[in-house]
1. Considering only the stretch 478-516, how many residues are touching a Pro at 6+ places or on another chain (Cβ under 8 Å) and farther than 22 Å from ILE577 by Cα?
2. Considering the stretch 100-114 alone, what residues qualify as being touching a Lys or Arg at 6+ places or on another chain (Cβ under 6 Å) and small (Gly, Ala, Ser)?
3. Scan the stretch 539-562 and give yes if some residue there is open to solvent by 30 Å² or more (accessible area, probe 1.4 Å) and not in a helix (DSSP H, G or I), otherwise no.
4. Can you pull out every residue in the stretch 590-607 that is surrounded by fewer than 24 Cβ atoms within 10 Å (Cβ to Cβ) and either among the polar types (S, T, N, Q) or part of a loop (DSSP other than H, G, I, E, B) (or both)?
5. Would you point out which residue out of SER194, SER173 is farther than 30 Å from LEU318 by Cβ, part of a strand (DSSP E or B), modelled with pLDDT of 90 or more and in contact with a Phe, Trp or Tyr (Cβ under 7 Å, 6 or more places away or on another chain)?
6. Filter the stretch 180-190 down to the residues that are open to solvent by 30 Å² or more (accessible area, probe 1.4 Å) and either out of contact with any helix residue (DSSP H, G or I) (no Cβ under 6 Å at 6 or more places or on another chain) or not in a helix (DSSP H, G or I) (or both) and list them by number.
7. It is to be established whether one or more residues within the stretch 460-483 are assigned to a strand (DSSP E or B), aliphatic (A, V, I, L, M) and over 13 Å from ILE541 (Cβ atoms).
8. Among the numbered conditions (1) surrounded by 24 or more Cβ atoms within 10 Å (Cβ to Cβ); (2) under 24 Å from the mean Cα position of the chain (by Cα), tell me where ILE584 comes up short.
Amino acid sequence: MGSASTDDKDPLVIFTPSGKRGRFAKGTPVLQAARALGVDLDSVCGGRGICSKCQINPSFGEFAKHGVTVREDALSEWNEVEARYDRVKGLISGRRLGCQAKVMGDVVIDVPETSQVHRQVVRKEASTKPITMDPATRIVMVEVAEPDMHEPSGDFERLKDALAQQWDVHQVSAALPVLAKLQTVLRKGKWQISVALFQPDEGGVVQILEIWPNLHEGGIYGLAVDLGSTTIAAHLCDLTTGAVMGSAGIMNPQIRFGEDLMSRVSYAMMQEGGATEMTRAVREAINTLGGQIAEDAGIDPKLILETVFVCNPVMHHLLLGIDPVELGQAPFALATSDALRLSAPDLGLSTLNPQAQIYLLPCIAGHVGADAAAVALSEAPEQSEDLVLIVDVGTNAEILLGNKTKVLACSSPTGPAFEGAQISSGQRAAPGAIEHIEIDPATKEPRFRVIGCDLWSDEAGFAEATAQTGITGICGSGIIEAVAEMRAAGLLDGSGLIGSAEQTGTPRSIPTGRTHEYLIFDGTATGGPRITVTQGDIRAIQLAKSALYAGARLLMDQMDVDAVDRVVLAGAFGAHISPKHAMILGMIPDAPLEKVTSAGNAAGHGARIALCNRAARKRIEGGVRAIQKVETAIEPRFQEHFVAANAIPHKTASMPNLATVVSLPDVNFGASGGGGNDDGRRRRRRG
């Protein structure tokens, strides 16, 4: 691990979101521990407490997931260097300087995105699918009659009259902050003003959100936010044209309280005020994201008048400030599953316009949330002639199966391995991360591509092209391809066991303890990382892909079919998965490769549809009631499918389509079981 000591009694240091951990002698600076473990923690001043780039967030309390209890004295006391920096430039409450804080006991340390050298690349790009514009918020310009002593009336009453006469707009209301500036704006505009009208339902009450003197040409905007367990992604949209003005994303800071949803539910249950703490963290992150995306687009964030959120049920409750404890136990009851209409102050979103309106899509059930509803809105499985399986791949996978006859949905707890977390050399998708890999079946030699460079590692100019970013680790799509390529090259048997150098015929298969690891890249000679795929990495991917496959198979059982016509991979990660490698790994049921496609960030696109089209909101509010929910947690066959899916690609499923693409070597390195196929039974419907 590169730790300062091997004594088991030395404090255990766990870094999030990377998941890297190691034991270090008391008094070891956090920055030194981070560097020893290869944690992405920035510093440019040589640890003198000047640059502040190594800021960290220590977490205290009980962490059952990590098996540690973190005491308040887990780090050394605040020192004069930190105090001086705080006086001069200011430190965010709760933060420490990693170069100054020293390890004194078991501790969980979160490295915020701003302290990471390799900032995350937002991979949830906006979809280019067309959206019919019918926004709830629009701008009109009106000419208001001047006051007359002989016909006394208030300015607001005359504004309402003008809206009725000039725009046929009736039943108008305005909040006090709008009324407070109405007289000033009217007179500044010489009785001509622009008005932002919010009308979520045709024929309903119209609310004035904002007013400007004369003709307002600065535009009005909305945010479509995909609030995921690991990543928060947002698209800034022009509410007049629907154009995407910018897309941005940040890591969900709640990851320091637990990498998966149930860990966060446990944190809320075990820590007094834990749910409140997570709510505050995510709202602060959304405020930061809203300001960042507006600044990048050159837009005043106060022109953001609407926001639509899609999220899973746990994120839904924590965003709203509702304790998610009931979602951690059967019958997984939601506080509310209906769509919600709120205002920015309700959620503490101070970056946006104070009158900004919030819309949360409805949840389908206790473990199938508004993100699944958004995927359904985007992909419309209920309109499909053929049977389509839609998989939104993430820390918590949302799975839809259906056609015009009926649509089923479930949620499957895949965990963060697909995002590069819990992987020995794993990292978020950022420049320098390996995202594609190929392994020669004959020589067992790898070649790879990294984010930020279009060249393969064995091509001329690769070293020069990656000199600035370096080769830093392996992201989610990279680890998927690495494991699949290892299986196809005979480095891995059907049970998931890595063979020895003698068994595989390559010195890249290196013993580590009682198992082996496969060496992809060794940059230690020049101060870089050593990137391997370990047996533990294989196990993490097996668990994640098994949960995904088992959820899909469970829906197929409920639909009474053994095959699907086509598969759609959705989500930021799903958009970058190679269908061939997904099939080799056994992530998804067998299907013709040309029938496995990517939908990009379908949940984010569904959020944009809801933001830009009022009818779509009504459609999905009715549509979720027709979707049949399947609860994986209480279905006995889920465990059966999960166990069978641990093999690579699968222990029992016939996969003839995959067989036409790649011939998997029949190797066995000593593990029981394997990845053999069954008797070849494949029926479109069970007889």
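1. Residues in the stretch 478-516 being touching a Pro at 6+ places or on another chain (Cβ under 8 Å) and farther than 22 Å from ILE577 by Cα: 3 in total.
2. GLY105
3. So far as the stretch 539-562 goes, yes, one or more of its residues are open to solvent by 30 Å² or more (accessible area, probe 1.4 Å) and not in a helix (DSSP H, G or I).
4. If the condition is that a residue be surrounded by fewer than 24 Cβ atoms within 10 Å (Cβ to Cβ) and either among the polar types (S, T, N, Q) or part of a loop (DSSP other than H, G, I, E, B) (or both), then ASP590, ALA591, PRO592, THR597, SER598 are the ones that fit.
5. Only one candidate passes the filter, namely SER194.
6. Residues of the stretch 180-190 that are open to solvent by 30 Å² or more (accessible area, probe 1.4 Å), as a first pass: 180-181, 183-184, 187-188, 190.
Those that are open to solvent by 30 Å² or more (accessible area, probe 1.4 Å) and either out of contact with any helix residue (DSSP H, G or I) (no Cβ under 6 Å at 6 or more places or on another chain) or not in a helix (DSSP H, G or I) (or both): ALA180, LYS181, THR184, ARG187, LYS188, LYS190.
7. No, the stretch 460-483 contains no residue that is assigned to a strand (DSSP E or B), aliphatic (A, V, I, L, M) and over 13 Å from ILE541 (Cβ atoms).
8. With (1) surrounded by 24 or more Cβ atoms within 10 Å (Cβ to Cβ); (2) under 24 Å from the mean Cα position of the chain (by Cα) applied to ILE584, the lone miss is (2).
The values are calculated or read from the model by the stated rules, or taken from the named source; none is laboratory data. These numbers were taken from a predicted model, which means no experiment stands behind them. Positions of Cβ are generated from backbone atoms using ideal geometry, with glycine treated the same way; all protein chains shown enter the neighbour counts. Accessible surface areas use protein heavy atoms only, side chains included; no ligands, DNA or RNA. Shrake-Rupley method; radii C 1.70, N 1.55, O 1.52, S 1.80 Å.
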